[in-house]
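Colleague: Take this structure, written in structure tokens, and hold onto it; I'll ask about it next.
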2 protein chains.
Amino acid sequence: MVRFVTKEKLSYLYDELENSGIDILYLTDWEENRNVNVKYLSGIPEDANLFIDVQNQQTVLIPRDFQLAEEYAEADQLINTAEFEGGVDPATSETLKQISSSHPKIGVLKEIPYHRVKTILDQVPDAEIVFNPKKIDTLLNSLRATKSSYEIALLKKSIKISNQLVDEIEDLLTTENEIKSEIDLAIFVETQMRRLGAQGIGFETMVASSARSWQIHTYPRVDPELPLCRPGLALIDFGVDAEGYTSDVTLPFVMGIMNKKMKTIVETVQQAHDEAIDALKDNHFLHDVAEVAFNIIEAAGFKMPHGLGHGIGLTVHDSPFIRRKSTNELSLKNWVDIELEEGMVFTVEPGIYEKDVGGFRLENDIIITTKGAEVVTNSHPIFIGLS
Amino acid sequence: MVRFVTKEKLSYLYDELENSGIDILYLTDWEENRNVNVKYLSGIPEDANLFIDVQNQQTVLIPRDFQLAEEYAEADQLINTAEFEGGVDPATSETLKQISSSHPKIGVLKEIPYHRVKTILDQVPDAEIVFNPKKIDTLLNSLRATKSSYEIALLKKSIKISNQLVDEIEDLLTTENEIKSEIDLAIFVETQMRRLGAQGIGFETMVASSARSWQIHTYPRVDPELPLCRPGLALIDFGVDAEGYTSDVTLPFVMGIMNKKMKTIVETVQQAHDEAIDALKDNHFLHDVAEVAFNIIEAAGFKMPHGLGHGIGLTVHDSPFIRRKSTNELSLKNWVDIELEEGMVFTVEPGIYEKDVGGFRLENDIIITTKGAEVVTNSHPIFIGLS
């Protein structure tokens, strides 16, 4: 029975919600709509509703599977839906009625399904829904953005396996081998990570030969019919989930002889990667770090069609997000500056994508410690001669 | 460029939405909240908003990735968000303003995120939101519940690979082998399905030894530390995704010598499975088929803690759902009888779960053809001697 959030953070959450005038925060996590905060705040792996009851300083969990919750979750109240006719929905409404005062202010997150809010309003008609993503979602993101030592220990297991895999991929591809198609490499990596102790993949493995690596998120992630080794820029992007926390690295491959354009791309991405990591030393804001990488790529005459990086943790796209500050008025309205902080764990992954030569993305994972930014993964460009 | 929905079904959708007084149906599919209907109605693999514009009988797609949409999707209008300052949200609101008349009635699905509805109401304040899951969600579910011949052809590729795997698993486990732990079997199945031509897994493979197979949805799905071969009832539940459509089978294993309780469980589940499939012949309603299986299991003194089966398709939990009709008033309010129809593809998967001996679920996939119910997978209990 363990929550991933620390006591201190939970107590900070109560305080901040109270300051925002919220009586109860309502979170939901179901197959149709996953929300990692439920797992983070209660420890339950999946499928539950959760109330953060500010007035009574208690967490109340309404899980689909009571036994699963007893095994994995920690909450001050654990509701057994079997005791309510009709299951989770009535159990949730009834519980809300019991814990709330009159005219409760119910905070909800941006992505909560519409019907869950409707059910609350039908059952507790005097409730007021507080929808304020800039405050509430940002608050939860900021809690998750820094990891506790317990979380970092879990992450490091995934990272250790990733690093072994990077070495094995390099050994494999730079000597005689049986890897013919994209799927051969995906199978190798996914099999091997489990032999090394992973529970499974952190996300769908992406292997893209130069024929399609210019797509950022190739679809399908692996094409069973495409040969991997053809001239140009290729890549593998994979994540290891050892104990619920996922790593995320991309290894770029240079296949065959580099032409001038490929050389420029390789050097530019490497420079953007290195200088962004250097910039973590003396920058306050993550968007300034992103700016460094974007400027290098644009100075070389390219565009980067995605952010510089993102947090990793219970989900592969966790907080914080390392994006360039928008210049667009509309986007700025919801923009929140993010300061660099100890305990953050995120990717740095500059990339350039050109239809004629392929895509080249170099992605490593960074932990911010008391001593500064530590690059904990070992991804690097791999040069593969084609015979 | 292809939609999975047929022209006839799309035309039926327009008619039914019009009858329900809906001007525009608004659907969304994003990483935080997947909704398979977007893929089904437009062909885009992921990440898009979609309007079904009833008044103008057109579909309008607003994808995150315009190039991906050009490659995979079919829509009467394809919106390039790069032409709108601020991306997808403004592109969606602006498009809605352009296609809608005054006071448009915007239909939404049950699971649509709250903020997407809010954005519509902020940007098109005279819009009326029509939320009626019993009508709109049921309508879309009924479209997806029967598969076209094109969809069935895609499904059959996954099913063919599943059947090869069932044979290989039986061969492997009933002769001398290297399978020691749960994860060894998961690796074998996932590697082998890709060698046989799968794009990937249809869902997270579940392998559970008798130590934990009494949990319906074991967590984790595969425990890297647990040995597979210990006395009792064990199982593997896996899905193959060959071309976007997933199969779903569970093979139950009897490990070692059966005691009396195990024997009763094995016989009861087999009987529930066989008689439910027989009942597909002369029953009109899916809940009557479910009733057959539940009655057999309860007559033997057990309970089945889940439905009898579910549709498979673009997602592993597709329409229709084969559930027993509820006797609970609250649940009955939203209950819709489902008739058996040609083109339905679903699982039949009775199971009994007992902490002392383990869980035993037998799951096969059924296609309803003009000739009746065809069992297209070959799962069956596998008896494994332990030395």
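The values are calculated or read from the model by the stated rules, or taken from the named source; none is laboratory data. For clarity, every value in this text was computed on a predicted model and none was experimentally measured. Cβ atoms come from the backbone with ideal geometry, glycine included; neighbour counts cover every protein chain shown.
Quick grid of which residues meet (1) closer than 25 Å to B:R194 by Cβ; (2) modelled with pLDDT of 95 or more; (3) surrounded by 19 or more Cβ atoms within 10 Å (Cβ to Cβ):
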{"residue": "B:L228", "(1), (2), (3)": "yes, yes, yes"}
{"residue": "B:L233", "(1), (2), (3)": "no, yes, yes"}
{"residue": "B:D237", "(1), (2), (3)": "yes, yes, yes"}
{"residue": "B:E243", "(1), (2), (3)": "yes, no, no"}
{"residue": "B:S247", "(1), (2), (3)": "yes, yes, yes"}
{"residue": "B:G256", "(1), (2), (3)": "no, yes, no"}
{"residue": "B:N259", "(1), (2), (3)": "no, yes, no"}
{"residue": "B:M262", "(1), (2), (3)": "no, yes, yes"}
{"residue": "B:V266", "(1), (2), (3)": "no, yes, yes"}
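Colleague: Go through the range A:12-29 and give me each residue that's surrounded by fewer than 19 Cβ atoms within 10 Å (Cβ to Cβ) and touching a residue at least 60 places away in the same chain (Cβ under 8 Å).
Modeller: A:Y12, A:E16, A:S20, A:G21
Colleague: Scan the range B:338-360 and give yes if some residue there is closer than 22 Å to A:E32 by Cα, within 13 Å of chain A (Cβ to nearest Cβ), surrounded by fewer than 22 Cβ atoms within 10 Å (Cβ to Cβ) and of a type outside the set (A, V, I, L, M, F, W, C), otherwise no.
Modeller: Within the range B:338-360 (the criterion being closer than 22 Å to A:E32 by Cα, within 13 Å of chain A (Cβ to nearest Cβ), surrounded by fewer than 22 Cβ atoms within 10 Å (Cβ to Cβ) and of a type outside the set (A, V, I, L, M, F, W, C)), the answer is no, since none of the residues qualifies.
Colleague: Hey, another quick one. For residues that are part of a helix (DSSP H, G or I) and away from every other protein chain (no Cβ under 11 Å), tally how many sit in the range A:92-107.
Modeller: So in the range A:92-107, the residues part of a helix (DSSP H, G or I) come out as A:92-99.
From the residues that got through so far, the ones that are away from every other protein chain (no Cβ under 11 Å) too are A:92, A:94-99.
Qualifying residue count for the region: 7.
Colleague: At pLDDT 95 or above, farther than 30 Å from A:G244 by Cα, part of a helix (DSSP H, G or I) and outside the structural domain of B:S319 (by TED's automatic domain parsing): does that describe B:L154?
Modeller: On the way: at pLDDT 95 or above: yes; farther than 30 Å from A:G244 by Cα: yes; part of a helix (DSSP H, G or I): yes; outside the structural domain of B:S319 (by TED's automatic domain parsing): no.
Considered against the rule, which asks whether it is at pLDDT 95 or above, farther than 30 Å from A:G244 by Cα, part of a helix (DSSP H, G or I) and outside the structural domain of B:S319 (by TED's automatic domain parsing), B:L154 comes out as no.
Colleague: Now, a different point. Have a look at B:E151, B:E128 and point out the one that is under 30 Å from B:E190 (Cβ atoms), acidic (D, E) and more than 12 Å from chain A (Cβ to nearest Cβ).
Modeller: Values: B:E128 fails: under 30 Å from B:E190 (Cβ atoms).
After applying the criteria, what remains is B:E151.
Colleague: Something else: Evaluate the range B:172-182: report whether one residue or more is in a helix (DSSP H, G or I) and either under 16 Å from the mean Cα position of the chain (by Cα) or not assigned by TED's automatic domain parsing to the domain that holds B:G244 (or both).
Modeller: As a first pass, look at the range B:172-182 and keep what is in a helix (DSSP H, G or I): B:172-173, B:182.
Narrowing further to those that are either under 16 Å from the mean Cα position of the chain (by Cα) or not assigned by TED's automatic domain parsing to the domain that holds B:G244 (or both): none.
Looking through the range B:172-182, none of the residues is in a helix (DSSP H, G or I) and either under 16 Å from the mean Cα position of the chain (by Cα) or not assigned by TED's automatic domain parsing to the domain that holds B:G244 (or both).
Colleague: Kindly provide the set of residues from the range A:205-230 that are within 9 Å of another protein chain (Cβ to nearest Cβ) and basic (K, R), ordered by number.
Modeller: A:R221
Colleague: Answer with yes or no whether B:N56 is over 19 Å from the mean Cα position of the chain (by Cα), crowded, with 23+ Cβ neighbours inside 10 Å and in contact (Cβ under 8 Å) with a residue 40 or more places away in the chain. Explain how you work it out, then say what you get.
Modeller: Values: over 19 Å from the mean Cα position of the chain (by Cα): yes; crowded, with 23+ Cβ neighbours inside 10 Å: no; in contact (Cβ under 8 Å) with a residue 40 or more places away in the chain: yes.
It is false that B:N56 is over 19 Å from the mean Cα position of the chain (by Cα), crowded, with 23+ Cβ neighbours inside 10 Å and in contact (Cβ under 8 Å) with a residue 40 or more places away in the chain.
Colleague: Could you check how many residues of the range A:195-204 are surrounded by fewer than 22 Cβ atoms within 10 Å (Cβ to Cβ) and either touching a Gly at 6+ places or on another chain (Cβ under 9 Å) or within 8 Å of another protein chain (Cβ to nearest Cβ) (or both)? So that I can check it myself, show each step before the final result.
Modeller: Within the range A:195-204, the first condition is being surrounded by fewer than 22 Cβ atoms within 10 Å (Cβ to Cβ), and the residues that meet it are A:195-197, A:203-204.
Next cut, either touching a Gly at 6+ places or on another chain (Cβ under 9 Å) or within 8 Å of another protein chain (Cβ to nearest Cβ) (or both) only: A:195, A:197, A:203-204.
Here the count works out to 4.
Colleague: Taking A:A211, is it in a loop (DSSP other than H, G, I, E, B) and either crowded, with 22+ Cβ neighbours inside 10 Å or touching a helix residue (DSSP H, G or I) at 6+ places or on another chain (Cβ under 6 Å) (or both)? Outline the logic, then answer.
Modeller: Values: in a loop (DSSP other than H, G, I, E, B): yes; either crowded, with 22+ Cβ neighbours inside 10 Å or touching a helix residue (DSSP H, G or I) at 6+ places or on another chain (Cβ under 6 Å) (or both): no.
Spelling it out, it is not the case that A:A211 is in a loop (DSSP other than H, G, I, E, B) and either crowded, with 22+ Cβ neighbours inside 10 Å or touching a helix residue (DSSP H, G or I) at 6+ places or on another chain (Cβ under 6 Å) (or both).
Colleague: A follow-up question, please. Identify all residues within the range B:19-68 that are under 23 Å from B:V316 (Cα atoms), assigned to a strand (DSSP E or B) and either basic (K, R) or away from every other protein chain (no Cβ under 14 Å) (or both); write none if there are none.
Modeller: Answer for the range B:19-68, where residues must be under 23 Å from B:V316 (Cα atoms), assigned to a strand (DSSP E or B) and either basic (K, R) or away from every other protein chain (no Cβ under 14 Å) (or both): B:N49, B:L50.
Matching residues to (1) of a type outside the set (G, A, S); (2) in contact with a helix residue (DSSP H, G or I) (Cβ under 9 Å, 6 or more places away or on another chain); (3) touching a residue at least 60 places away in the same chain (Cβ under 8 Å); (4) more than 30 Å from B:Y40 (Cβ to Cβ):
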position: B:K147; (1), (2), (3), (4): yes, yes, yes, no
position: B:A153; (1), (2), (3), (4): no, no, no, no
position: B:E170; (1), (2), (3), (4): yes, no, yes, yes
position: B:E178; (1), (2), (3), (4): yes, yes, no, yes
position: B:I183; (1), (2), (3), (4): yes, yes, no, yes
position: B:R195; (1), (2), (3), (4): yes, yes, no, no
position: B:G200; (1), (2), (3), (4): no, yes, no, no
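Colleague: May I ask you to list the residues in the range A:75-91 that are at negative phi, not polar (S, T, N, Q) and not in a helix (DSSP H, G or I)? First the steps, then the outcome.
Modeller: Taking the range A:75-91 first, the residues at negative phi are A:75-85, A:88-91.
Right, trim to not polar (S, T, N, Q) and you get A:75-76, A:78-79, A:82-85, A:88-91.
Across the range A:75-91, the qualifying residues are A:A75, A:D76, A:L78, A:I79, A:F84, A:E85.
Colleague: With respect to A:L78, is the statement that it is away from chain B (no Cβ under 13 Å) and under 32 Å from the mean Cα position of the chain (by Cα) true? Write out each step before concluding.
Modeller: Values: away from chain B (no Cβ under 13 Å): yes; under 32 Å from the mean Cα position of the chain (by Cα): yes.
In short, yes.
Colleague: Right, B:E71: within 23 Å of the chain's Cα centre (by Cα), within 30 Å of A:E354 (Cβ to Cβ), acidic (D, E) and within 14 Å of another protein chain (Cβ to nearest Cβ) or not? Before you say what the answer is, go through the steps one by one.
Modeller: Working: within 23 Å of the chain's Cα centre (by Cα): no; within 30 Å of A:E354 (Cβ to Cβ): yes; acidic (D, E): yes; within 14 Å of another protein chain (Cβ to nearest Cβ): yes.
So B:E71 fails the test.
Colleague: Okay, next question. Please find, within the range A:110-125, the residue that is farthest from the other protein chains (Cβ to nearest Cβ) out of those that are within 12 Å of A:N49 (Cβ to Cβ) and in contact (Cβ under 8 Å) with a residue 40 or more places away in the chain.
Modeller: Looking at the filtered set, the residue picked out is A:I120.
Colleague: Name the single residue, out of those in the range A:145-178 being closer than 21 Å to A:V207 by Cα and among the aliphatic types (A, V, I, L, M), that is surrounded by the most Cβ atoms within 10 Å (Cβ to Cβ).
Modeller: Checked the range A:145-178; the qualifying residue surrounded by the most Cβ atoms within 10 Å (Cβ to Cβ) is A:L165.
Colleague: Further question on the same structure: Given the conditions (1) part of a loop (DSSP other than H, G, I, E, B); (2) farther than 20 Å from A:W30 by Cα, which single one is not true for B:L10?
Modeller: Result: B:L10 passes all but (1).
Colleague: Just give me the residues in the range A:313-364 being among the small types (G, A, S), farther than 16 Å from A:V269 by Cβ and touching a Leu at 6+ places or on another chain (Cβ under 9 Å), in sequence order.
Modeller: Those that are among the small types (G, A, S), farther than 16 Å from A:V269 by Cβ and touching a Leu at 6+ places or on another chain (Cβ under 9 Å): A:G313, A:S319, A:S326.
Colleague: For a quick check of your reading of the model, give me the residue pairs whose first member lies in the range B:273-293 and is surrounded by fewer than 15 Cβ atoms within 10 Å (Cβ to Cβ), whose second is among the hydrophobic types (A, V, I, L, M, F, W, C), with beta-carbon atoms closer than 9 Å and at least 6 apart or on different chains.
Modeller: If the second residue must be among the hydrophobic types (A, V, I, L, M, F, W, C), the pairs left are B:D278/B:V292; B:D278/B:A373; B:K281/B:A373; B:H284/B:L340; B:F285/B:I338; B:F285/B:L340.
Colleague: When the residues of the range A:76-104 are filtered to those that are of a type outside the set (V, I, T) and touching a residue at least 60 places away in the same chain (Cβ under 8 Å), which remaining residue is surrounded by the fewest Cβ atoms within 10 Å (Cβ to Cβ)?
Modeller: Just the residues of the range A:76-104 that are of a type outside the set (V, I, T), to begin with: A:76-78, A:80, A:82-87, A:89-91, A:93-94, A:96-98, A:100-104.
Applying the additional criterion that residues be touching a residue at least 60 places away in the same chain (Cβ under 8 Å) yields A:96, A:100-101, A:104.
Details: A:L96: 23, A:S100: 20, A:S101: 11, A:P104: 23.
Among those that are of a type outside the set (V, I, T) and touching a residue at least 60 places away in the same chain (Cβ under 8 Å), it is A:S101.
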